[in-house]
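> One structure, pasted below without further comment.
The values are calculated or read from the model by the stated rules, or taken from the named source; none is laboratory data. Predicted model, so just to flag it, every value in this text is computed and none were measured. Here the Cβ is made from the backbone with ideal geometry for all residues, glycine too, and neighbour counts use every protein chain on show. Areas reflect the complete protein model, heavy atoms only, side chains present, ligands, DNA and RNA absent. Shrake-Rupley method; radii C 1.70, N 1.55, O 1.52, S 1.80 Å.
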Amino acid sequence: MERARIPPGQGVTKGWPLLHVGEVPSTPVAEWRLAVGGAVAHAFELDWPQILALPETELRADFHCVTGWSTLDNRWQGVALAELARRAGPEPTARFVRFADPQGYDTTVPLDRALAEGLLAHRHDGAPLAREHGGPLRAVVPGLYAWKSCKWVVRVEFLVREELGFWELRGYHNGADPWKEERLV
Ligand SMILES: Nc1nc2c(c(=O)[nH]1)N[C@H]1C(S)=C(S)[C@@H](COP(=O)(O)O)O[C@H]1N2
Ligand SMILES: [Mo]
């Protein structure tokens, strides 16, 4: 049987809802820095022109918020996690990747999933990603609930051990698989 398009308990919404804790950061793009580090051979930092100079990948994916709304067929453009990993050289023991914003929001995803489908998006539908939706740079991990898609990413950290993030410390299921309804623990 063909799998349903929408995971159980989700409903398609019109438009693109906004959801985050804290403030939308006002750091100018010219001052945005991305630090890539943790369990890697070469930690590095990129400024905005360097981020834009990396090979660009497009990802078309649905987006499922654990509160019940889904948006379909989002087109994201940006830097594949695999591209950052290629430059950083994760240690063989690395199993997870943590994304963090500048104000204490973070979330962790399994490395194999991040490498297979994770993107740091700086554009959506070909236009620069709106600030309120995580611009200039946000993670997109399509196979997991949207709280794993960290907005305003300033740090990507490869981890040997799993760490709980902002929502996972507040009762969200760290697996976050919408098809298994891994919402709360
Ligand atoms: N930095 C940061 N990223 C975040 C959040 C947040 O509060 N802070 N909320 C998450 C949640 S719960 C959802 S549903 C999506 C919402 O993304 P959107 O506002 O672009 O629709 O962002 C995720 N990424
Ligand atoms: Mo969400």
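> Using the Cα centre of region 75-140 as the reference point, and only Cβ charges (+1 on K/R, -1 on D/E), how large is the resulting charge dipole? Debye, rounded to the nearest 20. Don't skip to the end; give the middle numbers.
On the way: 9 positive and 8 negative charges, 21 e Å.
It comes to approximately 100 debye.
> Now for a separate question. Beyond 27 Å, what share of the Cα-Cα pairs of region 32-180 remains, rounded to the nearest whole percent? Could you put the intermediate results ahead of the total?
Numbers: 1491 of 11026 pairs.
Counting pairs separated by more than 27 Å, the tail of P(r) holds 14 percent.
> Oh, and also: How much accessible area per residue does region 42-122 have, in Å², with a 1.4 Å probe? All intermediate terms of the calculation are to be shown ahead of the outcome.
Details: 3530 Å² over 81 residues.
On a per-residue basis, 44 Å².
> Quick one: with all protein chains in place, what share of the accessible area of the chain is carbon or sulfur, to the nearest percent (1.4 Å probe)?
On the way: 4710 of 8910 Å².
That share works out to 53 percent.
> Another question about this same structure. Using label points projected 7 Å from each Cα along Cα→Cβ, tell me how many nm separate V21 and D73, to one decimal.
With each label placed 7 Å out from Cα toward Cβ, I get 3.5 nm.
> Could you work out the helix-only [θ] at 222 nm for the chain, with each DSSP H run of four or more residues adding -39,500 (n - 2.57) and the total divided by the number of residues, to the nearest 500 deg cm²/dmol? Don't jump to the answer; show the numbers that get you there.
On the way: 3 runs with 21 residues, N = 185.
Using -39500 (n - 2.57) per qualifying helix, the result is -3000 deg cm²/dmol.
> Taking a probe of 1.4 angstrom, what is the accessible area of R183 in Å², to the nearest 10?
Accessible area, nearest 10 Å²: 40 Å².
> Only Lys, Arg, Asp and Glu count, each charged at its Cβ (+1, +1, -1, -1), so figure out the dipole size of region 1-148 about its Cα centre, rounded to 20 debye. Provide the component values of the computation, followed by the final result.
Numbers: 15 positive and 17 negative charges, 59 e Å.
So the dipole magnitude of region 1-148 works out to roughly 280 debye.
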